[in-house]
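The values are calculated or read from the model by the stated rules, or taken from the named source; none is laboratory data. Treat the numbers as computed from the prediction; the structure is a model and nothing was measured. As a convention, Cβ positions derive from the backbone with ideal geometry for all residues, glycine included, and neighbour counts pool all protein chains shown. SASA here: full protein model, heavy atoms, side chains in, ligands and nucleic acids out. Shrake-Rupley method; radii C 1.70, N 1.55, O 1.52, S 1.80 Å.
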Amino acid sequence: MKNLFKKTGLMAMALVLGASMFAGCGGTQDKKATSTAAKVEGKVTASGSTALLPLLKVGQEEFYKLHDKVTINLSGGGSFTGQKQVASGSVDIGNSDVALASDLAGKGLVQHNLVGIPFVFIVNKDVNVDSLTDKQYVDILTGKITNWQEVGGKNQKITIIHRAKSSGSRATIATVVLQGKEFTNDAIIQDSNGAVRSAIATTPGAIGYVDAAYADKSIKVLKFNGVAYSIQAVSEGKYPVYTTGRMFTKGEAKGAVKAFIDYVTSDAFQNKNVESKGFIPLTKLPKK
Amino acid sequence: MNKYNVSRIRNNKLVYWLFISAASVLGLIIVALLIFISQQGLQTFRDVSPIEFFFSSNWNPDANKFGALIFIIGSLAVTVFSILVGGPLGVLGAIFLAKLAPRWMRNILQPAINLYMAIPSVVYGFIGLTVIVPAVRNIFGVASGFGIFTASFILAIMILPTVISIAADALTAVPQVLEEGSIALGATYWQTIWHIVLPTALPGIITGIVLGMARAIGETMAVQMVIGNTPQLAKSLFSPTSTLPSEIVVEMGNTPFGSVWGNSLFLMALVLLIISIFMIVIVRKISSYKAVKI
């Protein structure tokens, strides 16, 4: 029984360790000095959408080259967290890939569009269907169609693998494709784009959606109403499955915050970095 | 009193206070954790009735439905199934390790089991996702391979070292005189183990099993990767469902802190914590009980 005490001790130690690790988790903070003269200075904090993080990191690095007196803190947390934190004033910028939550309307938040975020539907490679119509997507995702036979494939059960209810990607598909109808709960939930892709790659008959940047050779990308995803297809308004990545500020942006937003939405930055990160530049989004 | 003694006493005091403060920091952290989680979790009840939270299976935060029954059932199910497989297996392993294995084998097995305990759970989960899930799909001919069966299978393996090492300790601690007495009276070795050693070591064995259950119910990563994480009641052992920890880990990253949704995740954490504390209390009660007094 001596060992038991040893074990409780170990568990307690693990707890303390865990707690201190938790405390250590925060946003990333980088400082970089260059010789360029800087007009703006100050601190910018941003949180929210994890999908936009890789792009904003590049923006942060390039921005430092121009303004060495500015510190930018970027962290994730998800679109809804970003919106909530900017509304409460705990960050300067809330990044989001979904529209403003209804309970935050009227809090004086200003939206700055950043990029288009395209999504693709992907299936396991053994699925011999190449394209589905919007109606078929709805029927599959709501659980009405459960066999590939019903949409022209072979006799095989459809397994839906997608994201959790708190995910911004899921919210986008719910708005753009399902238009308010509810996803079936008979699905497998993975907590990131990468996990969804690898689960679909290894599960026969699986379907799901990921950010277009995550599509690779391990899975098969489906067409939407016969249209394959490309930036051009989105520009021409033929491929509707995308959302706008946006930055919210409380009131109009000022000082360093404004400088940073202006920089990442500038043509110079957008043309250079946006497409290579799998997003669509603002100028190529169809005018609504 | 000479100089040497003075400094020795001072050192003694110093070390004494060092230990005291280390212990109080530890205690403080646990109490703070409990207070924080309860405070955050119990706020859920301002918007959600306890009856809905514990007895409704409708989890749909967008529509303000916060029934956590599915997750509670999921957690209990994987725990019970894993202990049904892992418990007996672990006890048999412990008997072998403590009583039957030759010394050289014990010298290999003992460190091997300790090593086994140190494998990070994400490794189990990854192997589960890439090996067990496809295997279950092929062997049982089910659609996805995600679900309670796969999760319980992995958990059964994960809790083995806990069960084995604690039960083996208990078995080793059984006084030699009892065994010798039994064999002297003409009992076979098997009879001795079954009728004398096992009942004597029972409190320790049960302690091992309960701690194994505590590990199983709190296990997050390995379960999250193979259970499917979807809020539906499992129709079979092979249909995806969700557990308390897996739901927390999948949702927490994107759930705003302080919202009803966020609070309900804290409430789930509180439920888990209470179950774990309850199990530790059981363990303490059992281990203070001695089957045989010598």
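In segment B:237-294, one over the average inverse separation of all distinct C-alpha pairs is 14.1 Å, which is the Kirkwood hydrodynamic radius. Rounded to the nearest 0.05, the FRET efficiency derived from the C-beta distance between residue A:128 and residue A:178 at R0 = 30 Å is 0.75.
Please give the calculated 222 nm ellipticity per residue for chain A, where each DSSP H segment of at least 4 residues contributes -39500 (n - 2.57) and the sum is spread over every residue; nearest 500 deg cm²/dmol?
Calculated from helices alone, the mean residue ellipticity at 222 nm is -9500 deg cm²/dmol.
For residue B:76, the solvent-accessible surface computed with a 1.4 Å probe is close to 90 Å², ligands and nucleic acids excluded.
When A:167, A:235 are compared by accessible surface with a 1.4 Å probe, the order from highest to lowest is A:235, A:167. Nonpolar atom fraction for chain B, defined as the carbon and sulfur part of the 1.4 Å probe accessible area, stands at 72 percent.
Restriction of the GluC sites (Glu not before Pro) in segment A:212-288 to DSSP coil positions whose beta-carbon has at most 16 other beta-carbons within 10 angstrom yields A:236, A:252.
Determine the shielding of peptide A:188-195 by partner chains: average, over its residues, the number of Cβ atoms on other chains within 10 angstrom of each Cβ.
Averaged over the peptide's residues, the number is 6.
Think of it as helices only: each DSSP H run of n ≥ 4 in chain B is worth -39500 (n - 2.57), and spread over all residues that comes to -23000 deg cm²/dmol at 222 nm. Under a Gaussian network description of chain B, with springs only between Cα atoms under 10 Å, the residue in B:47, B:169, B:62 that fluctuates furthest is B:62. For the protein assembly as shown, the alpha-carbon coordinates run over 94, 81, 48 Å along the three principal axes, in decreasing order.
Looking at segment B:68-287 from every direction and averaging, what is the projected area of its Cα convex hull in nm²?
That works out to 14.1 nm², a quarter of the Cα hull's surface.
Among B:188, B:207, B:44, the largest mean-square fluctuation in a Gaussian network model of chain B, built with springs joining Cα atoms closer than 10 Å, belongs to B:188. Inter-chain neighbour count for A:155-161: the average number of beta-carbon atoms from partner chains within 10 Å of each residue's beta-carbon is 3.
Cα centroids of segment A:185-228 and segment B:226-261: 20 Å apart. Taking only the Cα atoms of segment B:178-221, the ratio Rg/Rh comes out at 1.29, with Rh defined as the Kirkwood radius. Within the accessible area of chain A, the carbon and sulfur atoms contribute 55%, probe 1.4 Å, all protein chains present.
Exposed loop sites here are trypsin sites (Lys or Arg not before Pro) in DSSP loop states with at most 11 other C-beta atoms within 10 Å. What is the longest stretch of chain B lacking them? That gives B:1-234 as the longest site-free run.
When you look at the Cβ of every residue in A:55-65, what mean number of other chain Cβ atoms sits within 10 Å? Could you put the intermediate results ahead of the total?
Details: counts 0, 0, 0, 0, 0, 0, 0, 0, 0, 0, 0.
Shielding by partners across A:55-65 averages 0.
Label sites at residue A:238 and residue B:195, each approximated as a point 7 angstrom past Cα along Cα to Cβ, lie 8.5 nm apart. Peptides A:116-124, A:96-104, B:159-167, ordered by how many other C-beta atoms sit within 10 Å of their residues on average, highest first, read B:159-167, A:116-124, A:96-104. Cross-link candidates for residue A:57: which aspartates and glutamates have Cα within less than 20 Å, leaving aside residues fewer than 8 places away along the same chain? Once the sequence-local aspartates and glutamates are set aside, what remains near residue A:57 is A:30, A:41, A:68, A:92, A:97, A:211, A:262, A:267, A:275. Two tests apply to each whole DSSP H helix in chain B, Cα reach of 20 Å or more along its axis and mean Kyte-Doolittle hydropathy of at least -1.0, and the ones passing both are B:3-42, B:69-95, B:103-117, B:148-172, B:198-218, B:260-287.
Taking a 1.4 Å probe, which of B:221, B:158 shows the most accessible area, and what order do the others take after it?
Descending accessible area places them as B:221, B:158.
Using the Cα coordinates of segment B:100-222, the gyration tensor eigenvalues translate into equivalent-ellipsoid semi-axes of 36, 15, 14 Å, sorted from longest to shortest.
Estimate for me the total accessible surface buried between chains B and A (protein heavy atoms, probe 1.4 Å, no ligands or nucleic acids), in Å² to the nearest 100. Kindly include the intermediate steps, with their values, before the conclusion.
Details: alone 16420 and 14700 Å², together 28040 Å².
Summing both chains' loss of accessible area gives about 3100 Å².
Per the Cα gyration tensor, segment B:28-186 maps to an equivalent ellipsoid with semi-axes of 40, 23, 16 Å, ordered largest to smallest. For segment A:118-235, taking the reciprocal of the average inverse distance between every pair of different Cα atoms yields a Kirkwood hydrodynamic radius of 14.0 Å.
The shape of segment B:1-49 can be summarised by an equivalent ellipsoid whose semi-axes, obtained from the alpha carbon gyration tensor, come to 47, 5, 4 Å from longest to shortest.
Computed log10 I(q)/I(0) for chain A at 0.06, 0.13 Å⁻¹: -0.24, -0.94, from the Debye equation with unit scatterers placed on every C-alpha and solvent omitted. For chain B, a Gaussian network of Cα nodes joined below 10 Å ranks B:27, B:262, B:208 by mean-square fluctuation, and the top entry is B:27. Quick check for you: with a 1.4 Å probe and neighbouring chains kept, what is the accessible area per residue of the protein assembly as shown, in Å²? Spelled out: the 1.4 Å probe surface of the protein assembly as shown, per residue, equals 48 Å².
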